[in-house]
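The structure appears right after this line, and notes come after that.
Quick note: the coordinates plus some simple rules give every number you see, no bench work behind them. Given the structure is predicted, the values throughout are model-derived calculations rather than measurements. Cβ placement follows ideal geometry from the backbone for every residue including glycine, while neighbour counts extend to all protein chains displayed.
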Amino acid sequence: MTARPARPKLRLALAAVLAAALASPAGGAGAKATHPLRHAKSALVAFDVSPFPYDGVIPDKGVPFLDVSQDGRRGHTSPRGGIRWLDETYSDRRVLLYLPAGFDPRRPAVMVVFLHGNGATLARDVAGRQRVPEQLARSGLNAVLVAPQFAVDAQDSSAGRFWEPGTFDAFLNEAGERLAALDGDPAAKPALTHLPVVLVAYSGGYLPAAYALAVGGAGERVRGVVLLDALYGEVDKFAAWVAQRRPPAFFFSAYSDSSRSGNEALKAMLAQAGVAVATGAGPDMSKGAVTFLDAGAGIDHGGFVTQAWVADPLRWVLARIRGYARKGR
């Protein structure tokens, strides 16, 4: 299956929206809006409840996250990057918010929470290189996007405050408030602050995703989990969530050789627990399916969000979540 190439007009429109968000963090949040939205809205917003800064312990090690102090600076010893400093790598509170044109909070809708991988920034990678807002817009899903910044441009999968019990739920609650402000229509606030959630993790995003599911406190509000070449650890936490979930909550994991071993381990654990598993393309995400998709040999892990078993895999996945179509799509 091959996806259509991105439409130039849509790409230019999205680029203009994101450029405006970078220039003005407020993103026009005070403006009145008529629903469905005529134009996309986007903003980079500093949250009170954000993954970083984080001054707690690493749960599985029981040691302080900030374990280095030098010349008045505090830092973290990253297993793959040496010392990373709090002020450079772990202080960005911003979250990318995006409402696509045509989004209508009066209709069934979801909040897509995207957890980026290593070496990423929201503007350059999530919005630019991976085109996550564009893929959501092209999917036809009546959804909003929430993408928090983790370690800035670093080889580090640390979950930060998402390690803390209940923080993910608090983050979702703030995201709803911030989305309502960005939307600008008071009548939309009740819907936007209670949206069900689809959690998407790419690569190193697996670690905050695992803890969000295990201790985040969001409960049945999480209606689906999507892993994009992301199962590098915490297999037991994903297995527990899958075993305990209730339909229509779904689980979908697509992988290359890079995360194959983790996916095989999870499949084995689920089989032992008696959980039915499907493999291959074509799942209906709305019916509680548990699906694994082998993207094939020779797939580039670094480009997995934009080119894997199809072009624009995230668009492909989101388009298969039933019951939340934008009107006219």
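For the reader, a short list of remarks on this structure follows.
- The range 33-107-the range 207-261 distance, computed between alpha-carbon centres (Å): 20
- Residue (of G81, V146, A170) at the positive-pole extreme of the chain, dipole from beta-carbon charges: V146
- Build a GNM of the chain with springs between Cα atoms under 10 Å apart, and of M285, M111, M269 the one that fluctuates most is M269.
- Order of F47, F168 - criterion: other Cβ atoms within 10 Å of each residue's Cβ, fewest first: F47, F168
- Seen from A218, the other residues with C-beta closer than 15 Å to its C-beta sum to a net charge of +2, counting Lys and Arg as +1 and Asp and Glu as -1.
- Think of the chain as a dipole: +1 on every Lys or Arg Cβ, -1 on every Asp or Glu Cβ, centred on the Cα centre; then among F103, S69, L122, F103 lies furthest on the positive end.
- Judged by the mean number of other Cβ atoms found within 10 Å, the most tightly packed of the peptides 240-249, 68-77 leads the ranking 240-249, 68-77.
- About its Cα centre, the chain has a charge dipole of approximately 1540 debye under the convention of +1 per Lys or Arg Cβ and -1 per Asp or Glu Cβ, with nothing else charged.
- CD proxy at 222 nm, helix term only [per DSSP H run n ≥ 4: -39500 (n - 2.57); per residue of the chain; nearest 500]: -8000 deg cm²/dmol
- For A297, neighbours were defined as the other residues whose beta-carbon sits under 12 Å from its Cβ, and their charges (Lys and Arg +1, Asp and Glu -1) total -2.
- Annotation: average projected area of the chain is 16.1 square nanometres, based on the convex hull of Cα atoms across all directions.
- Neighbour-count order for W85, W309, fewest beta carbons within 10 angstrom listed first: W85, W309
- Unsatisfied cross-links (Cα-Cα over 27 Å) in the set K189/K237; K237/K287; K41/K237; K41/K327; K267/K327: K189/K237; K41/K237; K267/K327
- Positive-end ranking of A249, L213, L266 along the dipole of the chain, with charges on Cβ about the Cα centre, is headed by A249.
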